[in-house]
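A quick write-up on the structure given underneath.
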Amino acid sequence: MTEPNSLVNTSVETESSQAQREHMLRTIEKTQAYILREGYKGYDPYDALTSPLFKLPFLNTNKLVRLGAQQVLKRLPLNLRPMLFVPKGYNPVTLGLCVQAYVYLAKSLPEQKAFYEKEINRLIVELLRLQSSKMRSEKYSGACWGYDFDWEARYAKIPAYVPTIVATGFITNALFEAYSQLGNQRAFELCESATKFVVNDLNRTEKSDGRFCWSYSPRDKQIVLNATMKGARLCAQVGSVNGEKELLDLAKRTVEFVMQHQDEHGAWRYAIGDTRAFVDNFHTGYVLDCLDEYQTLSGDKGFQEGLQKGWRYYRENFFVNDQEPKYYDKSVYPIDATACAQSLLTLSRFGDHKTAERVAGWVIKEMQLPNGAFKYQRYAHYENRIPYMRWSTAWLFLGLSRVVWSNISR
């Protein structure tokens, strides 16, 4: 029998949780209105090269200038894009993130399910149109997507719409949620098609024992751990439905590669074989979420010890006062919108709902702008308030929607 004091405490907690849920829903509604008002279009931290200036001779080929311009525009807290004639982009990943958010909102708000399912179907049509095979002259083995801007990086040069395992992985994860939670068959068909891109078009760095890492794009051989895990997740998702054993085998072999590179503390560095040895919040969250999804759908629990070690490292090293998401394991700043959003997703997935709620409350108070969008980053003495559509607003729209759904479904 429950004691009277416990009943009172439970009632107070229930009322508090209900109030927080309603506050989150109002926040989500404001953000959703902003996204719809903007037609899913917006600036991106990495969109500098869409300026017509970079179509001019010399500027369209000089890697140092292009990389430098991209980094300067990304870091400046003043938005110079209108002066440089950078257009607001229509990024396939933004659409994917919103599809996933709409899935969680359809489950959380049954009275609005018809609206969300209609919008999901509309965005799937758009994703069909924005496939890399339709946006570029190259043809690929299956459905795949890239960003809508040229991207100059230290270890790769990826033109607009060249498909990556990361962009494709974000979108297919959203589509798989639409299938698994709402029964959207077209969404699954796109996931199934995308496995052909991953299996046939990406390069592999293979070990003698069969373990391997998929490349970031068909144009490079980077060894990026969170990227290959997105391929593993997709193969496990599709293989769990269609029973294709090859997909599950490939998923396991690339998971084994990633687990081989987990350090003794439980952390994963960003990349292998180059200088990118940092350990950060959202890339760690990606690995954890993908690994948990792989184990759940494949039934293979052979990586449980590593999963728990990774979760403990994440939980102990990426939060200040159990509410402020750090960027790196060793330093707080910048406090970043994508890191905040991925924190909400990973905390919810691993059942740490109280911390997810605290992080959500902090994010709404400290990161949301009056128009419903979200700031890009905060530093110790200043902040970058540019409301990037993909990096900031769509990611946090998804993260907050996931917290609401977790609170209702548990």
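Please specify each residue of region 198-214 satisfying the condition of being touching a strand residue (DSSP E or B) at 6+ places or on another chain (Cβ under 7 Å) and either in contact (Cβ under 8 Å) with a residue 12 or more places away in the chain or assigned to a loop (DSSP other than H, G, I, E, B) (or both).
V198, L202, T205, F212, C213, W214
As an exercise: evaluate S133 against (1) of a type outside the set (K, R); (2) within 14 Å of L190 (Cβ to Cβ); (3) surrounded by 16 or more Cβ atoms within 10 Å (Cβ to Cβ); (4) touching a residue at least 12 places away in the same chain (Cβ under 8 Å) and give the number of the one condition it does not meet.
So the condition that S133 fails would be (4).
Of the conditions (1) of a type in the set (G, A, S); (2) on the phi > 0 side of the Ramachandran plot; (3) under 22 Å from the mean Cα position of the chain (by Cα), G239 clears all except one; give me its number.
Every condition holds for G239 apart from (2).
Mind checking which residues of region 385-409 are hydroxyl-bearing (S, T, Y) and in a helix (DSSP H, G or I)?
S392, T393, S401, S406, S409
Pick from T228, T172, T195: which is in a helix (DSSP H, G or I), buried (at least 23 other Cβ atoms within 10 Å of the Cβ) and in contact with a Ser or Thr (Cβ under 6 Å, 6 or more places away or on another chain)?
T228 is the lone residue from the list that is in a helix (DSSP H, G or I), buried (at least 23 other Cβ atoms within 10 Å of the Cβ) and in contact with a Ser or Thr (Cβ under 6 Å, 6 or more places away or on another chain).
Checking the structure you have, find out if any residue of region 106-114 is small (G, A, S), within 20 Å of the chain's Cα centre (by Cα) and either closer than 30 Å to N200 by Cβ or buried (at least 17 other Cβ atoms within 10 Å of the Cβ) (or both).
Yes, there is a match, as at least one residue in region 106-114 is small (G, A, S), within 20 Å of the chain's Cα centre (by Cα) and either closer than 30 Å to N200 by Cβ or buried (at least 17 other Cβ atoms within 10 Å of the Cβ) (or both).
Would you be able to say whether some residue in region 70-77 is farther than 26 Å from V162 by Cα and either out of contact with any Phe, Trp or Tyr (no Cβ under 7 Å at 6 or more places or on another chain) or in a helix (DSSP H, G or I) (or both)?
Yes - at least one qualifying residue is present in region 70-77.
Of the residues K41, K63, only one is surrounded by fewer than 17 Cβ atoms within 10 Å (Cβ to Cβ) and touching a Ser or Thr at 6+ places or on another chain (Cβ under 9 Å); which?
Just one listed residue meets the conditions, K41.
Assigned to a loop (DSSP other than H, G, I, E, B) and over 21 Å from I28 (Cβ atoms) - does that describe any residue in region 108-122?
Checked against the condition, which is being assigned to a loop (DSSP other than H, G, I, E, B) and over 21 Å from I28 (Cβ atoms), region 108-122 yields no hits at all.
Looking at region 296-308, I want the residues that are touching a residue at least 12 places away in the same chain (Cβ under 8 Å) and aromatic (F, W, Y) and have a partner that is assigned to a helix (DSSP H, G or I) and surrounded by 12 or more Cβ atoms within 10 Å (Cβ to Cβ) with Cβ atoms under 6 Å, at least 6 apart or on another chain. Which pairs are those?
So the pair list comes out as F303/M259.
So if I check each of V99, V125, which one is β-branched (V, I, T), modelled with pLDDT of 95 or more, surrounded by fewer than 18 Cβ atoms within 10 Å (Cβ to Cβ) and out of contact with any Phe, Trp or Tyr (no Cβ under 7 Å at 6 or more places or on another chain)?
Going through V99, V125 in turn, just one is β-branched (V, I, T), modelled with pLDDT of 95 or more, surrounded by fewer than 18 Cβ atoms within 10 Å (Cβ to Cβ) and out of contact with any Phe, Trp or Tyr (no Cβ under 7 Å at 6 or more places or on another chain): V125.
Can you find a residue that is among the acidic types (D, E) and more than 25 Å from Y43 (Cα to Cα) anywhere in region 342-361?
Yes, that holds for at least one residue.
Of the residues that make up region 330-343, is at least one more than 19 Å from L97 (Cα to Cα), of a type in the set (A, V, I, L, M, F, W, C), at pLDDT 95 or above and in contact with a Leu (Cβ under 9 Å, 6 or more places away or on another chain)?
Within region 330-343 (the criterion being more than 19 Å from L97 (Cα to Cα), of a type in the set (A, V, I, L, M, F, W, C), at pLDDT 95 or above and in contact with a Leu (Cβ under 9 Å, 6 or more places away or on another chain)), the answer is no, since none of the residues qualifies.
The values are calculated or read from the model by the stated rules, or taken from the named source; none is laboratory data. Just so we're clear, the structure is a prediction, and the values are computed from it rather than from any experiment. Note that we place each Cβ from the backbone using ideal geometry, even for glycine, and neighbour counts take in every protein chain shown.
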